[in-house]
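Quick one: the structure is below, and I'll ask about it shortly.
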Amino acid sequence: MTHERDATRAWVLHPEMKSDQHRRPAHFALDEAVALAAALPEIDVVGSEIVRLPKAHAGYLFGKGKIAELKDRMKAAEVDLVLVDGTVTPVQQRNLEKEWGVKLLDRTGLILEIFSDRARTREGVLQVEMAALSYQRTRLVRAWTHLERQRGGLGFVGGPGETQIEADRRAIDEQLVRLRRQLDKVVKTRELHRAARAKVPFPVVALVGYTNAGKSTLFNRLTGADVMVKDMLFATLDPTMRRVDLPHGGPEVILSDTVGFISDLPTELVASFRATLEEVLGADLICHVRDISHPETEGQARNVNDILTSLGVKSTTPMIEVWNKIDLLPEEQRTAIAQRAERETQVFAISAISGEGIPALMDEVTRLLESETHISEIVLPFAEGRKRAWLFDQDVVEAETQTEDGFALTLNWTARQEKRFREM
């Protein structure tokens, strides 16, 4: 266990640019940055502040007076690490480290460190390594010798000597190729598992949401699983799946708990974790879990929807909004939220902790997944043997005759099964 004196003493800075039209309220952004830092057990946040800037200074991010002022405060607090909640260029990082005599991580670097600490599965580890290398490649700049020292964590924030840049870039590219090959093998195995599941008539329900919205708590309540639940950002990284029996004799479903989303998710991670989030792409139903008690719940919901769109989630996939953590609201606000949820379509106010509202949510999940069956007549070419086998595995074939063009099939199936078949 890490002793307090062994912890890395960190100072969190949130630069607020006046020029940024779409900026979030600075105090919320700073709170989230501090929570991100707290997600790493070896970090002890000893100070945090908002730094208001008319514009970013090209070489140093902050102005000279502010740099000197911060240096004095950090020296007094014996700070080892500065975390900047935003993008810091390699040149700015190098100059600020030199001025302050500390290590520095920007938002992307910090999130990568957290993901490195959390990854457990082979796939998760490979994806973090690839994201870290992609990030490291962008940090290869003409650096001075003060950056030659060893770094902890993933080691992607150090800088090489000038003559080493091209060699290091080549080495990173070669390593990325090797990792991509390994990841391709893992993804193929995953695809085989998905194909095997497709033969079993179990719908997939994916839990998505902003990080720390309570997805894993809800997952544990519904499945009896023991997924790590902590009041911290990115407590869940690798996807977890379990079978669940729906109430009132409803179908069995596969419930999938996914990595939490976050605003300004580094582009390296959006690309690298696409495979992890493939379960969401193939889901029959998406449950968007929101922390309704959070002051920024609307902004968080917009971030989640933007990421789902960027991942390619189809607008035709049914989605339920789950307004979680109503137990944290004052009674009057709680009543108002519950009444508002009742007026909205596909919205349910719940507490994953107490279980309040969950029976109504699960009834709706059952209703959406237990579509009425309908009859279809199709002709399947002889070459489509795999699709024909799938239809028989699903037990939807009422009658079959052979024609010159292929198999003429009469099918009695649900809209969900037809959708899956058409996408095969």
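Each value in this text was obtained by applying a stated rule to the coordinates, not by laboratory testing. Given the structure is predicted, the values throughout are model-derived calculations rather than measurements. Heads up, the Cβs are rebuilt from the backbone with ideal geometry, glycines too, and the neighbour counts pull from every protein chain shown.
Once you put a point 7 Å from the Cα of E423 and another 7 Å from the Cα of K387, both along the Cβ direction, what distance in nm separates them?
Calculated label separation equals 1.6 nm.
Among F202, F421, what is the fewest-to-most ranking by other Cβ atoms within 10 Å?
If I rank by nearby Cβ atoms, fewest first, I get F202, F421.
When a footprinting reagent is the concern and you count Cβ atoms within 10 Å, what order do Y135, Y210 take, fewest first?
Y135, Y210
Something else: Count neighbours as other Cβ atoms within 10 Å of each site's Cβ, and list the GluC sites (Glu not before Pro) in the stretch 44-96 that are DSSP loop with at most 11 such neighbours. Let's see the in-between values first.
Numbers: sites: E49, E69, E78; in loops: E78.
Of the GluC sites (Glu not before Pro), the ones in loops of the stretch 44-96 whose Cβ has at most 11 other Cβ atoms within 10 Å are E78.
Under the definition of Cα pairs under 8 Å and six or more residues apart, what whole-number percent is the relative contact order of the stretch 1-142?
Once divided by the residue count of the stretch 1-142, the mean separation gives 26 percent.
Net charge around A399, counting only other residues with Cβ within less than 14 Å of its Cβ (Lys, Arg = +1; Asp, Glu = -1)? Let's see the in-between values first.
Details: positive: R388; negative: E377, D395, E398, E400.
Counting the neighbours of A399, the net charge comes to -3.
I need the phi-derived Karplus couplings for the stretch 89-105: 6.51 cos²θ - 1.76 cosθ + 1.60, θ = phi - 60°, integer Hz, Gly and Pro marked x.
Values, residue by residue: 6, x, 5, 4, 4, 4, 5, 5, 4, 5, 5, 8, x, 9, 7, 9, 10 Hz.
Ok, one more. How much net charge surrounds D85 when only other residues with a Cβ under 11 Å from its Cβ are counted (Lys, Arg +1; Asp, Glu -1)?
Its environment carries a net charge of -4.
Now for a separate question. Remind me, relative contact order of the stretch 343-409 in percent, using alpha carbon pairs under 8 angstrom and six or more residues apart?
Value for the stretch 343-409: 26 percent.
Classify the stretch 4-116 as rounded, prolate or oblate from the Cα gyration tensor: take a ≥ b ≥ c as the square roots of its eigenvalues, call it rounded if a/c is under 1.5, otherwise prolate when a/b beats b/c and oblate if not.
In terms of gyration-tensor shape, oblate.
Turning to a different aspect of this structure: Extending each Cα 7 Å along its Cβ direction at R302 and I67, get the distance between those two points in nm, one decimal.
3.4 nm
What is the Å³ per residue value for the convex hull set by the Cα atoms of the stretch 374-423? Before the final figure, lay out each step's value.
Details: hull volume 3.3 nm³, N = 50.
Looking at the stretch 374-423, the number lands at 65 Å³ per residue.
Now for a separate question. What is the stretch 312-424's relative contact order, in percent, from Cα pairs under 8 angstrom and six or more apart in sequence?
It rounds to 21 percent for the stretch 312-424.
Just in the stretch 343-407: which chymotrypsin sites (Phe, Trp or Tyr not before Pro) are loop by DSSP and have at most 14 other Cβ atoms within 10 Å?
Of the chymotrypsin sites (Phe, Trp or Tyr not before Pro), the ones in loops of the stretch 343-407 whose Cβ has at most 14 other Cβ atoms within 10 Å are F382.
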